[in-house]
Amino acid sequence: MYRFNGPSDKSSSDLYGTDEDVNYNEPDPKEAKHVVFVIIGKGRTPEEEELQAKATNQIKKAFKIQDPDNSSKVIFMPINWTLGLNLSQETMESIKPSCSLDMQRMRRNFEDALFDVVFYVAPIFFAEIQLSLTEELSKAWKTLSDKGFQGKVSLMANGLASVMVYDTITGNDPPKAVNPVYIPRSYDSGEVNELFQELGEARGSVGDVKGRISSFCAKNLDFSIANIFLLGSPIGMFMAMRGIRAGELKLPYNTKVFNIYDQSDIFAYRLDPLISQEPTEAITLRQNTDFFESYPQGFDNRRDFVIDAPSFKFIGPTKPHIAYWKSEALSQFLHTVLRN
């Protein structure tokens, strides 16, 4: 992601944690029962690979509290989908208005949240990101399988990465909506109406290509996925903008999906209302709770899980979005799911 040479801001990189060794008891791949591929929604430049490692370290650190000896035999592995997409720093600096240090920090948060989305919705970068993510997942799987790994695979995706994962593994066709969000009105000018018709046809052509790319990626993953943990996911918003309505959202077959969010996370949206026309309330994740004892019948079709409010403090508009890695309630829930 683009960075400016401005004041230090701990709202992004530092809050992901550190690169320090957390002394996690990583099992040998031959003995491991589960691997969790960790993917964050930032990765357009090689410099951001460290964020993937930091986030994975934080998950290991939190998981270790629940399972000090790692008797669950879980491997956590970061997936670096970097593309090396570079913006001109000189150009970006030239178009920024002069402002206070606090405003510069706010602008940086805005850029962090906006730029990745802008790149992802652009057709050419959508293709690059999908193919890069698929390639990196396949490489990680091959590395483990070559070492004798025969366990289960789960994906943990934060923010925009959750949309990337959804589109990749479902072979989803993003631009095509079941019910179009926008239907252009009729204009008096026949020429204008013809132009709108051409735009619609062009959009359909682009959608066909993007759909084929997603299908290609889905077919080229060499492993099945047991669980998907979505953290602070905007999938609900993306799908609604694509025209998906209540009861129309399709999830990956034979894969459990857990949409986990904090109420203070402004980037997180629910999924259940798009999956069922009669959605249930989100399950609250609290520390020191035996989730399967509370729900002995299992979670059935429950997809939304909200972290208990006291887990996080509201410390800024974007900070709750990257605080999941340190949540004890999340690590306890993760441990519960992976050991069963």
Inset, instruction - Beta carbons within 10 angstrom, averaged per residue: use that to sort the peptides 223-230, 142-149, highest first. - result: 223-230, 142-149
Inset, instruction - Would you mind calculating the gained length between Glu278 and Ser215 on full extension (0.36 nm times residue separation, minus the Cα-Cα distance), in nm to one decimal? - result: 19.7 nm
Inset, instruction - Highest first, please rank the peptides 28-41, 250-263, 157-170 by the mean number of other Cβ atoms sitting within 10 Å of their residues. - result: 157-170, 28-41, 250-263
Legend entry - Protection-proxy order for peptides 271-284, 125-138, each taking the mean of Cβ atoms within 10 Å per residue, highest first: 125-138, 271-284
Inset, instruction - Just subtract the alpha-carbon distance of Glu328 and Glu26 from 0.36 nm times their residue separation and send over the number in nm, one decimal. - result: 106.8 nm
Legend entry - Of Lys30/Lys250; Lys96/Lys326; Lys73/Lys147, those spanning more than 25 Å from alpha-carbon to alpha-carbon: Lys30/Lys250; Lys96/Lys326
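Each value in this text was obtained by applying a stated rule to the coordinates, not by laboratory testing. Because the structure is predicted, anything quoted here is derived from the model rather than measured. Note that we place each Cβ from the backbone using ideal geometry, even for glycine, and neighbour counts take in every protein chain shown.
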